[in-house]
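These notes concern the structure reproduced below.
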There are 2 protein chains.
Amino acid sequence: MLEFARSEGQRGLRNLSYAERGKLVGAVADVLVANRARYEDIAIANSGNTKVDAAIDIDGGIGTLKYYARLGGARMLLDEKAVRLAKAENYQAIHLMVPRRGVAVHINAFNFPSWGLWEKAAVSLIAGVPVLAKPASATALLAHAMVKDVIAAKVLPDGALNLLCGGAGELLAALTGDDVIAFTGSADTAARVRGHPNVVARSVPVNIEADSINAALLAPESSPGSAAFDAFLREVVREMTVKAGQKCTAIRRIFVPAGKADAVADALAEKLKGTKIGDPRQADTRMGPLVTRGQQAAAFDGIRRLASEAAIVCGGTDAPTLDGIDKNRSAFVAPTLLKLKDAGSAQAVHEVEVFGPAATIVPYRDEQDAAGLIARGGGSLVASVYGEDTDFLVRIVSEIAPSHGRILAVDPAIATAHTGHGIVMPQCNHGGPGRAGAGEELGGLYGLRFYHQRLAVQGSSDLIASLQAKAASVH
Amino acid sequence: MLEFARSEGQRGLRNLSYAERGKLVGAVADVLVANRARYEDIAIANSGNTKVDAAIDIDGGIGTLKYYARLGGARMLLDEKAVRLAKAENYQAIHLMVPRRGVAVHINAFNFPSWGLWEKAAVSLIAGVPVLAKPASATALLAHAMVKDVIAAKVLPDGALNLLCGGAGELLAALTGDDVIAFTGSADTAARVRGHPNVVARSVPVNIEADSINAALLAPESSPGSAAFDAFLREVVREMTVKAGQKCTAIRRIFVPAGKADAVADALAEKLKGTKIGDPRQADTRMGPLVTRGQQAAAFDGIRRLASEAAIVCGGTDAPTLDGIDKNRSAFVAPTLLKLKDAGSAQAVHEVEVFGPAATIVPYRDEQDAAGLIARGGGSLVASVYGEDTDFLVRIVSEIAPSHGRILAVDPAIATAHTGHGIVMPQCNHGGPGRAGAGEELGGLYGLRFYHQRLAVQGSSDLIASLQAKAASVH
């Protein structure tokens, strides 16, 4: 498969312009739109998604493809001006971005079999790098059906898109420095990928998106009933319950001024208890099960570790009793809220990620305390902050910025109009430092950089002008 | 030292603007200029440099500091415009670059104790990240003297610049995701750094510049006596002999049209044999010894491996006999030129780097053959191409671009006015894919990115405007 992608896939993509490859990506989106209803059924059956969960995954993938299909025509990759070098006036330099000559290996997580596949493939294909995608085995059916449809529709050159279901065998040992790896998943598997001897020896570029202990913060002055307070509660509940909390961007730590921790806990618990859990095929179900019983066991284990230092406000480590559901053949976890008494000495809350519908309230004393505690997460994909005072929001955003890849700041002006803490927008950077893997994906054209080699070319002004003209012709 | 840099160093740098930090870097350059004569003596004594070799190292370092001191005032880091997001008109996003909150660990190579130190420190300090530099032990005296002078001059905040001479002990095990590592040296040591369990587990960003098998290419139509032909010969000889070939960017593979291989070999051998080798303290010496006898033994071993498939044209695997030099207490290697008979089946020439004054002529059939052979180096820091035909130069540059970090194209217009194949300019990217380590250093402001976390901030248009104003105030 790797050889096929290297030869046929490279040949098919290399001589197209960015705009032409953008059209291919648009055609992929069209194939998926035409088959959308079938994908929803697969997502519900294979991932235990509700219709809303399935829509985030499927429409998120289609939307990202369409966004990048439009960007494909932008003439912005050659974004740097020639610079004068020393000595002679006619001696100059320019920086070029050229597509890599290898294959992009995309290793995707089980929670977004569609979005994870297409957000990577869109960027890679427009950059001209063939894709070898490996979905997580537990939820591979959706990726398999989608790729099969796209291949059957013959909208891409042979070898441009390849899917490997099941174990990856010796794949990483077969890569070279021309290839790249983009990985989404757990920090443990990420370390195995990044530390693979062949990947290290050949400097194969690796982009990692790993789960992180993301924070949401309520500003000190925000009071019950205010627009920011309500937006905060809504978003925490949404993040805990959408996809049963199985999002790498989900809120895991809920920072609340110490004096308001009990009031927030009560308000959240009331909303969480009212969330209808059950068979995702039923119309009134708001939250389905986790994806496997293994994930359910891991979530309960994580909640037990959090409970060693935090009180359980609602939910817990027993499978909920649900009408018509056999506890021994299902993987439900009730929305589980915990609350720390002493934030200063707590450790597990900053280290243990429950990949399910669970989060912990962390009371904070003041602004500085909050910033310090948030940084103890060791690097996160995203944080969100909620308040009325713009000065406070600007200060806290600046303070926590170095440990985040994205921050959502919600003030009353956008309290009901933002895109959400956990929703990754193709216009915005996706990735975070440290524990989150130190990756950078998406973010418009910036996301294409990973699939390019950037180089300086030094030469006479005539030669530089000829190179610029040639580069512009493929943009 | 790490704790001191994290606390004092961060405190001293964090609240300065880029322009203020640029002034500090300029002050460092001034200290070095004032003590330059002493550094030259150390370079000659400790590294076996000639005066020209020492100048490349010392003045290269000072020049890079001065270049970045000027750039420090540029208001370009916040280079991206706000983007509209979905839903409401007043909901926007912007991308910020914020300095990392950790320490920059710089692990430098023995061949550039000054330049390697300062090209990294300049960028890191302007970005606001304290430096912990570890010079290679064999040539640490120059780095030690320079840093001691800079510290004594009190031009930097306490903790901003730290030097660790000798073994690094458990340094890498003490790093976190806030820190970064920039490494220059061999691919083997690079792999140990990048694959270190703690570095992998905490996603510590690592930038690697490793030695590579860099190519120079003479165009098919270029004839003896032409300006490009002469420039090609001059540059190959210079690259082989400056610093006794101990440059990670030096030319190792010399690509010549098959019909001209013998003529080029004769011309190069004549010039190489005329290079005066000896004690670098003598004014007429053009090339000194390698840095240690260990390096000499490694170079001879590498030449033997190359000689298994290539003929030795001049030089070889015995230490040259030199007036007044004891062979058993010195580390000289004669300029050694090899020539392949059959380029198609050769392997060692693309894999074995002799870190000394040795290079191999690789005859090529045609343009396509040359491009394929060059790519077999597995990724290089730099290549240079020489010819009269601009169309050919543009084609070959485009073809070999994906496996390089920099390409110098020499046509008659700049035949005597370019900056050289092996000289790294701060304006231009330094680094290369694959074997070269997949790093990116320097290249103007782009080089500062490694020391920043890039993040998206989403919020109301008022909040985004406030953040922009705040970011601009530190630029």
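Which ones in the stretch A:403-413 are open to solvent by 10 Å² or more (accessible area, probe 1.4 Å) and out of contact with any Ser or Thr (no Cβ under 6 Å at 6 or more places or on another chain)?
Those that are open to solvent by 10 Å² or more (accessible area, probe 1.4 Å) and out of contact with any Ser or Thr (no Cβ under 6 Å at 6 or more places or on another chain): A:SER403, A:PRO412.
What are the residues in the stretch A:242-260 that are farther than 22 Å from A:PRO412 by Cβ, over 17 Å from the mean Cα position of the chain (by Cα) and open to solvent by 10 Å² or more (accessible area, probe 1.4 Å), if any? First the steps, then the outcome.
So in the stretch A:242-260, the residues farther than 22 Å from A:PRO412 by Cβ come out as A:242-250, A:252-253, A:258.
Remaining after also requiring over 17 Å from the mean Cα position of the chain (by Cα): A:253, A:258.
Listed by number, the list holds a single entry, A:ALA258.
What residue, of A:ALA136, A:ALA153, is at pLDDT 95 or above, surrounded by 19 or more Cβ atoms within 10 Å (Cβ to Cβ) and under 21 Å from A:ILE62 (Cβ atoms)?
Working: A:ALA153 fails: surrounded by 19 or more Cβ atoms within 10 Å (Cβ to Cβ).
The match here is A:ALA136.
What residue, of A:GLY61, A:GLY72, is touching a Phe, Trp or Tyr at 6+ places or on another chain (Cβ under 6 Å) and at pLDDT below 95?
Details: A:GLY61 fails: at pLDDT below 95.
Within the list A:GLY61, A:GLY72, the selection yields A:GLY72.
Is it the case, given these coordinates, that B:GLY443 is at positive phi, touching a His at 6+ places or on another chain (Cβ under 7 Å) and free of Cβ contacts under 8 Å to residues at least 60 places away in the same chain?
So B:GLY443 passes the test.
Report every pair of residues separated by at least 6 positions or lying on different chains whose Cβ atoms are under 7 Å apart, first residue within the stretch A:91-103 and more than 7 Å from every other protein chain (Cβ to nearest Cβ), second surrounded by fewer than 22 Cβ atoms within 10 Å (Cβ to Cβ) and charged (D, E, K, R).
A:GLN92/A:ARG84; A:ILE94/A:GLU80; A:MET97/A:ARG449; A:MET97/A:ARG454; A:GLY102/A:ARG6; A:VAL103/A:ARG6
Take the conditions surrounded by fewer than 24 Cβ atoms within 10 Å (Cβ to Cβ) and either within 13 Å of another protein chain (Cβ to nearest Cβ) or touching a residue at least 12 places away in the same chain (Cβ under 8 Å) (or both) and apply them to B:THR416. Does it pass? Break it down into steps so the answer makes sense when it comes.
Details: surrounded by fewer than 24 Cβ atoms within 10 Å (Cβ to Cβ): yes; either within 13 Å of another protein chain (Cβ to nearest Cβ) or touching a residue at least 12 places away in the same chain (Cβ under 8 Å) (or both): yes.
Against the criterion (surrounded by fewer than 24 Cβ atoms within 10 Å (Cβ to Cβ) and either within 13 Å of another protein chain (Cβ to nearest Cβ) or touching a residue at least 12 places away in the same chain (Cβ under 8 Å) (or both)), B:THR416 qualifies.
Residues that are buried (at least 24 other Cβ atoms within 10 Å of the Cβ) and more than 23 Å from the chain's Cα centre (by Cα): does the stretch B:426-442 have at least one?
no
In the stretch A:285-320, what residues are farther than 18 Å from A:ALA348 by Cβ and in contact with a strand residue (DSSP E or B) (Cβ under 9 Å, 6 or more places away or on another chain)? Please lay out each step first, then the result.
We begin by selecting, within the stretch A:285-320, every residue farther than 18 Å from A:ALA348 by Cβ; these are A:285-296, A:314, A:318-320.
Listed by number, the residues that qualify are A:THR285, A:ARG286, A:MET287, A:GLY288, A:PRO289, A:CYS314, A:PRO320.
Answer with yes or no whether B:VAL199 is outside any helix (DSSP H, G or I), buried (at least 21 other Cβ atoms within 10 Å of the Cβ), hydrophobic (A, V, I, L, M, F, W, C) and within 12 Å of another protein chain (Cβ to nearest Cβ).
Against the criterion (outside any helix (DSSP H, G or I), buried (at least 21 other Cβ atoms within 10 Å of the Cβ), hydrophobic (A, V, I, L, M, F, W, C) and within 12 Å of another protein chain (Cβ to nearest Cβ)), B:VAL199 does not qualify.
Can you name every residue in the stretch A:443-475 that is closer than 30 Å to B:ALA201 by Cβ and facing chain B (nearest Cβ under 9 Å)?
As a first pass, look at the stretch A:443-475 and keep what is closer than 30 Å to B:ALA201 by Cβ: A:443, A:446-454.
Within the stretch A:443-475, A:GLY443, A:TYR446, A:HIS452, A:GLN453, A:ARG454 qualify.
Tell me, please, whether a residue that is open to solvent by less than 30 Å² (accessible area, probe 1.4 Å), assigned to a helix (DSSP H, G or I), modelled with pLDDT of 95 or more and of a type in the set (A, V, I, L, M, F, W, C) can be found in the stretch A:35-42.
Looking through the stretch A:35-42, none of the residues is open to solvent by less than 30 Å² (accessible area, probe 1.4 Å), assigned to a helix (DSSP H, G or I), modelled with pLDDT of 95 or more and of a type in the set (A, V, I, L, M, F, W, C).
Which condition number does B:ARG11 fail, the rest of (1) open to solvent by less than 30 Å² (accessible area, probe 1.4 Å); (2) modelled with pLDDT of 95 or more being met?
Going through the list (1) open to solvent by less than 30 Å² (accessible area, probe 1.4 Å); (2) modelled with pLDDT of 95 or more, B:ARG11 breaks only (1).
If the Cβ limit is 9 Å and pairs must be 6+ apart or interchain, which residue in the stretch A:42-64 that is at positive phi pairs with which residue that is open to solvent by less than 10 Å² (accessible area, probe 1.4 Å) and in a helix (DSSP H, G or I)?
If the second residue must be open to solvent by less than 10 Å² (accessible area, probe 1.4 Å) and in a helix (DSSP H, G or I), the pairs left are A:GLY48/A:ALA244.
Tell me, yes or no, whether the stretch A:281-301 has at least one residue that is crowded, with 22+ Cβ neighbours inside 10 Å and without any contact (Cβ under 8 Å) to a residue 60 or more places away in the chain.
Yes: one or more hits.
The values are calculated or read from the model by the stated rules, or taken from the named source; none is laboratory data. Small disclaimer: the values here were computed from a predicted structure and weren't measured. Neighbour counts run over all protein chains shown; Cβ positions are idealised from the backbone, glycine included. We work out accessible area using only protein heavy atoms, side chains counted, and drop any ligands, DNA or RNA first. Shrake-Rupley method; radii C 1.70, N 1.55, O 1.52, S 1.80 Å.
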